[in-house]
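Report on the following structure.
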Amino acid sequence: MIELVIFDLDGTLLNTIEDLANSGNYILKKYGFPEHPVDSYRFFVGKGVGKLIERALPEVNRQPEFIEQLRQEFIEYYNLHSDENTAPYPGIISMLKSLENQGIKLAVASNKYHLGTQALVTKYFSDIAFDVVLGQREGVPAKPDPQIVYDIMKESGISDVNTILYVGDTATDMKTAASSGIKSIGVLWGFRPKEELVDNGAVFLVKKAEDILIKVEECSD
């Protein structure tokens, strides 16, 4: 039986791309750098704010100290504007409710900074009792390192990887699942194309939120 389903946040549960792009372009404009179309940010996200800033900057301006400065400014701005265009993907809330009603534990594992992750989950999923919600924390390696999954397993009390599924939308997520020994579900509504998910080991692919329920049932037989 599946006892725990771990979800990525951005591009999996929430469509956050426009608010992320607006925050990134605000920083770029402030410093006189070229801005990027929203769709480009689909390939900047996935490994935390620092990596997003690095990818958005011109290559000659990617000094670590400067990236860290802009990272802090990005977070300050994003904290104020993170909910202007963000929303759950269609069917997500009802899917989460169905899993919850089956007694399956739910968790979030994100490379978004920890406080931002918790704030968005609280705002958009106040009716869902997530067992564990973790973002990127200081001193803990980011995904695809499996540490965040191990921390969720410890906090949830679920230790058998065969009773856990990991759901995400990027190569980083598929690699995180693989490095944790957990079966992955790649969602096709997220930020990255199907090919990236397949090439990085997605065990299952789903086109809509309710398909996750089917995969959970199949893995519980």
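Going by Cα centres, the range 7-29 and the range 96-147 are how many Å apart?
Their Cα centres are 17 Å away from one another.
Can you work out the base-10 log of I(q)/I(0) for the chain at q = 0.08, 0.12 1/Å, using the Debye formula on its C-alpha atoms alone?
Each listed q corresponds, in turn, to -0.27, -0.60.
Could you grab the relative contact order for the chain? Cα pairs under 8 Å, six or more apart, rounded to a whole percent.
Reported relative contact order: 26 percent.
According to a simple spin-label model (label point 7 Å from Cα along Cα-to-Cβ), what is the distance in nm between Glu155 and Lys30?
Simple spin-label model gives 2.9 nm for this pair.
What nm distance separates the two modelled labels at Ser40 and Trp189, each placed 7 Å from Cα along Cα→Cβ?
Result: 2.8 nm between the two label points.
Can you tell me the accessible area per residue over the range 122-221, all protein chains present, probe 1.4 angstrom, in square angstrom?
Numbers: 4650 Å² over 100 residues.
About 47 Å² of surface per residue is accessible.
With point charges of +1 on the Cβ of Lys and Arg and -1 on the Cβ of Asp and Glu, referenced to the Cα centre of the chain, which listed residue (Ile53, Ile104, Val198) lies farthest in the positive direction of the dipole?
Ile53
Based on DSSP H assignment, which helices of the chain show an axial Cα extent of at least 18 Å together with a mean Kyte-Doolittle hydropathy greater than or equal to -1.0? Don't skip to the answer; put the middle values down first.
Values: long enough: 17-30 (19 Å, -0.42); 64-81 (25 Å, -0.79).
Helices meeting the criterion: 17-30, 64-81.
Taking springs between alpha-carbon atoms closer than 10 angstrom, which of Glu35, Glu138, Glu68 fluctuates most in the Gaussian network model of the chain?
In the Gaussian network model the winner is Glu138.
What number, in percent, do you get for the relative contact order of the range 146-197 if the mean sequence gap of Cα pairs under 8 Å and at least 6 apart is divided by its residue count? Display every interim value, and only then the final one.
Numbers: 60 pairs, mean separation 18.7, N = 52.
It comes to 36 percent, rounded to a whole number.
To the nearest 20 Debye, how big is the dipole of the range 94-146 about its Cα centre, given +1 on the beta carbon of each Lys and Arg and -1 on that of each Asp and Glu? Mind showing how you got there, number by number?
Numbers: 6 positive and 5 negative charges, 20 e Å.
Roughly 100 debye for the range 94-146.
Using unit Cβ charges (K, R positive; D, E negative) and no other charged atoms, how large, in debye to the nearest 20, is the dipole of the range 25-162 about its Cα centre?
Details: 15 positive and 18 negative charges, 38 e Å.
About 180 debye.
Can you tell which of Phe66, Leu115, Gln147 lies farthest toward the positive end of the dipole of the range 36-155, using +1 and -1 charges on the Cβ of basic and acidic side chains (Lys, Arg; Asp, Glu)?
Gln147
Counting other C-beta atoms within 10 Å, and keeping those with at most 10, which DSSP coil trypsin sites (Lys or Arg not before Pro) do you find in the range 143-221? Let's see the in-between values first.
Values: sites: Lys154, Lys175, Lys183, Lys194, Lys207, Lys208, Lys215; in loops: Lys207, Lys208.
Answer in residue order: Lys207.
Relative contact order of the range 1-110, please, whole-number percent, based on alpha carbon pairs below 8 angstrom and at least 6 residues apart. Mind showing how you got there, number by number?
On the way: 115 pairs, mean separation 51.1, N = 110.
Rounded, it is 46 percent for the range 1-110.
How much length would be gained if the chain were fully extended between Ser179 and His114, taking 0.36 nm per residue of separation minus their Cα-Cα distance, in nm to one decimal? Could you put the intermediate results ahead of the total?
Details: separation 65, 0.36 × 65 = 23.40 nm, distance 2.13 nm.
Answer, rounded to one decimal: 21.3 nm.
The values are calculated or read from the model by the stated rules, or taken from the named source; none is laboratory data. Keep in mind that what you see is a predicted model, and the values were worked out from it rather than measured. Here the Cβ is made from the backbone with ideal geometry for all residues, glycine too, and neighbour counts use every protein chain on show. All accessible areas refer to the heavy atoms of the entire protein, side chains included, with ligands and DNA or RNA removed. Shrake-Rupley method; radii C 1.70, N 1.55, O 1.52, S 1.80 Å.
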